[in-house]
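Report on the following structure.
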Amino acid sequence: MATTAELINAFTTLLVTTDPPGLAPIFLGLTAGMNAAQRRQTAIRGTLIAFFILLVFAVSGAGVLSVLGISLPAFRIAGGFLLFFIAFEMVFEKTPGAKGKGERRRNYQGSHPEPSGLPSRDPPHHRPRLDIRHHPPGW
C-alpha cells in the first residue's frame with residue numbers, strides 16, 4: 001500500500017501535469033457557444049479520455065521504453081534537453097518573417113528590452129526583444 005507521502009506526490013504530479021488553471025480559459029473559449037449541459041458533457045468526455053491516456057502510459061510506459069531500449073535516466077535527460085530548448089526558444093524568439101536561419105528582430109519599437117517569453121501589454125508587433133548587442137535608439 002502506498003504511503004501518504006507517495007499519494008501526495010502522485011496527486012501533485014498529476015495536478016501539475018494536467019494544469020487545470022491553465023486549461024480553464026482554453027476550455028471556456030472552445031465551448032463558448034455551448035449551453036451548460038453540453039459543456040458538462042464535453043468536460044466529462046475530455047476528463048475520461050485524458051484519464052485513460054494517462055492510465056495506459058502509467059501501466060505500459062516502462063514496458064514500451066524497455067522494448068525500445070531506452071533507460072529511464074536517458075529518458076529524463078532527453079526530457080531535460082527538450083525543456084531547455086523550449087525555454088530557450090521562448091526567451092530568444094526568432095522573428096516570424098525572418099529570411100535567414102537564426103535571424104532576429106533588429107528594430108525595437110518599445111521603450112525597454114525584455115525577453116520575449118515574458119508577457120507584455122503591448123501588441124505583438126510592438127513588443128521589444130532582448131538582444132544584448134543592440135539597444136533601441138535613445139538609450
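Within region 27-38, how many residues are surrounded by 10 or more Cβ atoms within 10 Å (Cβ to Cβ) and within 23 Å of the chain's Cα centre (by Cα)?
So the count comes out to 4.
Residue by residue through region 23-46, note down the ones that are aliphatic (A, V, I, L, M) and in a helix (DSSP H, G or I).
Correct list: Leu23, Ala24, Ile26, Leu28, Leu30, Ala36, Ala37, Ala43, Ile44.
Being within 21 Å of Phe11 (Cβ to Cβ), without any contact (Cβ under 8 Å) to a residue 40 or more places away in the chain and surrounded by 11 or more Cβ atoms within 10 Å (Cβ to Cβ) is the filter here; which residues of region 42-91 pass it?
Within region 42-91, Ala43, Gly46, Thr47, Ala50, Phe51, Val56, Phe57, Ala58, Gly61, Ala62 qualify.
Restricting attention to region 1-18, report how many residues are modelled with pLDDT under 90 and loosely packed, with under 10 Cβ neighbours inside 10 Å.
So the answer is 4.
Take Ile49 and tell me if it is of a type in the set (A, V, I, L, M), out of contact with any helix residue (DSSP H, G or I) (no Cβ under 8 Å at 6 or more places or on another chain), in a helix (DSSP H, G or I) and closer than 23 Å to Phe75 by Cβ.
Against the criterion (of a type in the set (A, V, I, L, M), out of contact with any helix residue (DSSP H, G or I) (no Cβ under 8 Å at 6 or more places or on another chain), in a helix (DSSP H, G or I) and closer than 23 Å to Phe75 by Cβ), Ile49 does not qualify.
The values are calculated or read from the model by the stated rules, or taken from the named source; none is laboratory data. Owing to the predicted nature of the structure, the values given are computational and were not obtained by experimental measurement. Because the Cβ atoms are built from the backbone with ideal geometry, glycine has one as well, and the counts that use them run over all protein chains shown.
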